Amino acid sequence: MLKRLLIPMLLITLVAPAAWGAAGATVKVGLAVGITGDIAVYGTPIRNGMELAFKRINDKGPVHIDPILEDTGGGRDGAINVFQKFIQRDRVAAILGPVLSSQAFASDPLAVKAGVPVVGVSNTANGIPQIGPTVFRVSAPEAVQIPKSVAVAKKALHLTRVVVMYDNADDFTISGYKTFADELKKNEIQIADTITFARGDSDFSAQLTRARAVNPQAIVVSALAREGTLLLIQGRNLGITVPFVGGNGFNDTNIIKRAGAAAEGLIVGTAWVPSVPSAANLAFYDAYRQAYKQEPNQFAAQAYAGAQVVAEAIRRAGVTGTEPIQVQREKIVAALYTIKNFDTPLGKIGITKERDVDQQRTYVAVVRNGRFVELETP
Amino acid sequence: MTVFLQQLVNGISLGSVYALFAVGFTLVFGVLEIINLAHPAVLAVGALVAYTLLSTLGVGLPLAVASTLLATGLLGLVLDAAAFRPLRARRAGPLASLITSIGAALILVSLAQRVWGAEPLGYPPGTIPLRFFSVGGLTISLLQIVILGTVIVLVVALRLLMTRTRVGIAIRAVAENPATASLLGVPFNRVVAFTFFLTSALGGVAGLLVGMLFQGSVSPFMGDTYGLKGLAAIILGGMGDITGAMLGGLAIGVGEVMIVQYLSSSYRDAVAFGLLFLVLVIRPTGLLGRQRSREA
């Protein structure tokens with residue numbers, strides 16, 4: 001008899017305060033993250049980072065946030081559906097996500113129309129904040145990271161002569177290639193050969209042999225994750241030992257998993273390394289490892305930072321969740337602009353007038369023993 | 001010059017895989033005069049079966065090759081029984097068979113996606129140890145040697161089978177004239193079934209080799225590229241001709257690699273179809289094809 005009563009009673013004690021809170025003072029934030037299918041390799045750490053951040057923020061107060069997670073999958077339509085649900089049914093005050101830049105281009109305009117603030121945590125393509133006046137991001141765009149990668153790689157490897165390879169069938173990799181080419185020129189690094197391939201190719205032996213023939217000191221690549229992985233593996237299979245320098249497409253621990261030993265020595269620009277010297281990063285790193293029993297990565301750190309930024313804007317706006325939803329949304333948008341010099345796992349970050357991230361320090365990472373670590377320059 | 005020879009080595013290892021795939025394509029055409037568009041799907045299934053064997057079950061490469069041969073061979077028997085034999089029994093034309101082969105391909109690819117997922121997979125590193133041999137400035141990898149070796153062994157075995165064994169002679173007899181062969185006591189349906197077994201087994205191993213050559217590219221959709229290249233190879237070599245299909249495959253492999261080296265990779269796929277166009281204009285029967293005399 002007692003046993004039969006125990007469970008409902010437990011349930012009541014668990015649910016009641018939560019219901020209370022929801023009726024009282026919580027601000028609803030939508031998390032639009034792809035956690036099923038291919039995209040899960042990015043989406044899982046992003047979801048973990050966001051949920052961890054909100055849990056810690058709610059524990060500490062004073063703001064109380066009710067995060068609502070919805071799976072967008074990897075496509076544009078999924079992102080649009082989730083945004084519609086968030087905006088109309090859940091009536092959230094702000095949205096974090098979606099994972100891919102291509103999804104953001106499709107779904108963010110809906111939020112702009114409804115006046116809902118969106119903070120992207122993983123969109124690195126050019127033109128994301130320009131979608132509209134309520135779209136922000138905390139993910140450093142590729143155009144900021146590549147110059148740094150080139151400069152640091154030049155110092156560390158004493159580069160004077162490289163080969164550039166890029167995927168000429170994808171908008172992002174082409175724009176990455178252009179940035180690379182400009183930066184190499186600025187740094188007076190000679191481009192011995194420029195070789196293209198196409199998204200979907202499987203055989204890179206011809207391109208790699210051609211690259212090897214001119215004896216470069218490094219091979220600079222602008223590619224997406226699949227082609228990038230194949231290039232690394234086939235390069236090593238052909239006996240190429242010079243390091244690869246990659247664009248943001250390589251910024252994915254999954255590449256290390258798939259390419260194995262072939263990924264050793266790969267250099268990429270990244271917004272986060274485990275050793276970022278900030279109090280917020282130390283707290284994040286330990287809490288993440290404890291909560292998920294694994295290493296966080298760049299995506300988890302950016303997601304955590306994005307959640308922090310939204311919570312901070314809610315605090316500064318003084319939004320409690322009791323105001324009319326349109327007022328909440330407007331106040332949060334205004335408060336997001338005021339975030340400057342804010343401590344996150346990414347170091348100090350701020351939001352610019354153009355709603356883009358202002359990250360004081362980005363990093364250049366190299367793969368050593370199957371992990372991304374910061375590349376030290378002599 | 002070294003670069004040229006190095007690229008030639010790359011082209012031959014790529015071309016030999018195209019060739020192995022094209023041989024299966026051409027053999028079915030030679031015997032039944034149908035284009036089996038399920039053949040690319042068999043290639044993908046072969047590569048995926050080998051993935052399970054090598055990664056999940058952890059068996060050695062020789063056993064994986066043998067098991068893949070057998071598994072895709074059996075799949076060939078199923079394909080024939082389900083998709084082609086019922087049509088033959090109703091005396092449907094080659095066009096109907098072409099359509100069922102497309103249907104069979106769709107079903108196979110969807111099933112494969114169910115079982116193995118859509119994400120590209122890779123064989124465990126070290127399936128073939130990374131080892132290089134230098135010959136006069138050229139670097140040849142153990143992987144390339146194993147691939148070329150496997151293709152040569154399989155093609156020689158096929159040649160012997162076709163010329164020295166009863167079943168091989170029966171296949172050729174059916175290819176020459178099905179009606180006469182049947183009258184002379186050749187069991188037509190069994191010979192056709194065996195042809196499917198043989199060609200699918202070769203296609204499956206071609207998939208395994210592609211998976212090794214391009215680590216990390218094994219997926220249910222990997223057959224698409226090879227379908228088009230294989231078709232170009234057999235038209236280039238002369239429909240139904242095994243040696244022609246070999247040469248066609250090699251020519252396309254070497255041609256693609258040379259285009260990347262000396263022109264631009266954007267023209268890569270233009271090779272296969274450019275060559276195809278030229279051959280069709282200049283020599284419509286293909287490089288080694290003969291005018292078929294039994295068409296009257």
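Brief remarks on what is shown
- Per residue accessible area of chain A, 1.4 Å probe, in Å²: 41
- Here B:V59 sits with roughly 40 square angstrom of accessible surface, probe radius 1.4 Å.
- Pairs beyond 30 Å (Cα-Cα), from A:K293/A:K353; A:K148/A:K340; A:K154/B:K229; A:K28/A:K257: A:K293/A:K353; A:K154/B:K229; A:K28/A:K257
- Interchain or long-range residues, amide H under 5 Å from A:M165's placed H: A:I195, A:V220, A:V221, A:S222
- Mean Cα-pair separation over length for chain B, i.e. relative contact order, pairs under 8 Å, 6 or more apart, %: 36
- For chain B, built as a Gaussian network whose Cα springs stay under 10 Å, the top-fluctuating residue of B:S265, B:S110, B:S217: B:S265
- Reduction of at least 10 Å² in accessible surface, 1.4 Å probe, comparing all protein chains with the chain by itself, residues of segment B:206-236: B:L213, B:F214, B:Q215, B:G216, B:S217
- The mean number of Cβ atoms from other chains found within 10 Å of a Cβ in peptide A:207-214 is 5, as a whole number.
- Averaged per residue, segment B:2-282 has 42 square angstrom of accessible surface, using a 1.4 angstrom probe with ligands and nucleic acids left out.
- Average beta-carbon neighbours from other chains, 10 Å sphere, peptide A:255-261: 3
- Residues whose amide H comes within less than 5 Å of that of A:L96, counting only those at least five positions distant or on another chain, are A:G30, A:L31, A:A32, A:V119 (H built at 1.01 Å from N in the peptide plane).
- Each of A:V144, A:P45, A:T72 was placed along the dipole of segment A:22-161 (beta-carbon charges, centred on the mean Cα), and the one lying farthest toward the positive end is A:V144.
- Between the helical axis of B:61-79 and the longest alpha-carbon principal axis of chain B there is an angle of about 30 degrees.
- Projecting the Cα atoms of A:V276, A:A307, A:G321 onto the charge dipole of segment A:243-378 (Cβ charges, centred on the Cα centre) puts A:G321 farthest toward the positive pole.
- Relative contact order, percent, segment B:194-296 [alpha-carbon distance under 8 Å, six or more residues apart]: 24
- Axial C-alpha extent at least 15 Å, average Kyte-Doolittle at least 0.0 - helices from chain A (DSSP): A:2-23, A:101-114, A:142-157, A:298-317, A:325-336
- Cβ-placed point charges (K, R +1; D, E -1), dipole of the protein assembly as shown about Cα centre in debye, nearest 20: 880
- Where B meets A: accessible area buried, both sides, 1.4 Å probe, Å²: 2000
- Cut-off of 10 Å, at most 12 other beta carbons, DSSP loop: longest stretch of chain A lacking such trypsin sites (Lys or Arg not before Pro): A:1-292
- Of the residues making up segment B:242-263, those losing 50 Å² or more of accessible area when the isolated chain is joined by the remaining protein chains, with a 1.4 Å probe, are B:V260.
- Taking only protein heavy atoms and a 1.4 Å probe, the accessible area of the protein assembly as shown is 62% carbon and sulfur.
- Charge dipole of chain A (Cα centre as origin; +1 on each Lys and Arg Cβ, -1 on each Asp and Glu Cβ, all else neutral): 680 debye, rounded to the nearest 20.
- Ranked by how many other beta carbons lie within 10 Å on average, peptides B:99-109, B:149-159 from highest: B:99-109, B:149-159
- Inter-part distance where segment A:52-77 and segment B:186-253 are each reduced to a Cα centre, Å: 51
- Considering only Cα atoms, the convex hull volume of segment A:143-270 works out to 87 Å³ per residue.
- The trypsin sites (Lys or Arg not before Pro) found in segment B:20-115 that occupy coil by DSSP, while having at most 14 further C-beta atoms within 10 Å, are B:R90, B:R91.
The values are calculated or read from the model by the stated rules, or taken from the named source; none is laboratory data. These numbers were taken from a predicted model, which means no experiment stands behind them. Note: ideal-geometry Cβ built from the backbone for every residue, glycine included; neighbour counts use all protein chains shown. Just so you know, the surface numbers come from the protein's heavy atoms only, side chains and all, with ligands and any DNA or RNA stripped out. Shrake-Rupley method; radii C 1.70, N 1.55, O 1.52, S 1.80 Å.
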